[in-house]
Amino acid sequence: MSCGRRRGLRSVSPYAIVLALAIALTASFFLPLRAEAAISDHTVPTISPSGTTINLFDYWVNPDDHLSVSGNGGINANHRFQFNDGQGGESLNRWTGGENPQSGIVHNTLFDGYPRLSDTWGGKSLRYLFDSSARPARRPILA
C-alpha cells in the first residue's frame, strides 16, 4: 500500500481499518443481547398458573385491506361479535362513549374451556378467537 499523496484520494492507515473492524465486530457481539432484552421487557412475572403462555394475534376484518378496522369479512364473517371502529352494528359491538364498559356480553363461566356470548346475545361460543387449531382471519404476532 502506497502512502504517497494522490490528488483527491487520501491513504488509509491499516491501523484505522483494523480498529474499524474491531469496533464493528464488538458491536455485533452485543446486538443479540439487545434483542433478548427487548423480549424480556415484555415478559410479565406470574404467580399462578406458572407456565402460562399468552399469544397475540392480528385479527383482520377486510380481506382487501388488513389494516382496515371495519368490514364483514375475516374474523367478523358469520359472527355476531364484531371487531370494528366502535361506531356501528349491535350495541355489543359499540363503544359505550365513556369510561364504563358494557357488561353482560359474555357468560361469567367458560364453556368447554372458552368464553361464550351471554344468552342475551345468542350464547354462541367465542372459541374461534382463541383456539389454536382454528385460524380464521388471523396471523400470530408473538406466539
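The values are calculated or read from the model by the stated rules, or taken from the named source; none is laboratory data. Everything numeric in this text was worked out from a predicted model, so none of it was measured. With ideal geometry, Cβ positions are generated from the backbone for all residues, glycine too; neighbour counts draw on all protein chains shown. Calculation scope for accessible area: heavy atoms of the full protein, side chains included, ligands and nucleic acids excluded. Shrake-Rupley method; radii C 1.70, N 1.55, O 1.52, S 1.80 Å.
Just a few scattered comments:
- Every residue from the stretch 63-94 that is under 18 Å from the mean Cα position of the chain (by Cα) and open to solvent by less than 40 Å² (accessible area, probe 1.4 Å): S68, G74, I75
- Residues that are modelled with pLDDT under 90 and of a type in the set (K, R) within the stretch 91-126 comprise just one, R94.
- In the stretch 123-139, the residues that are within 12 Å of N55 (Cα to Cα) never reach a residue that is open to solvent by 70 Å² or more (accessible area, probe 1.4 Å) and at pLDDT below 55 with C-beta atoms less than 6 angstrom apart, at least six apart or across chains.
- Residue within the stretch 110-121 that is within 26 Å of the chain's Cα centre (by Cα), among the basic types (K, R) and surrounded by fewer than 16 Cβ atoms within 10 Å (Cβ to Cβ) present: no
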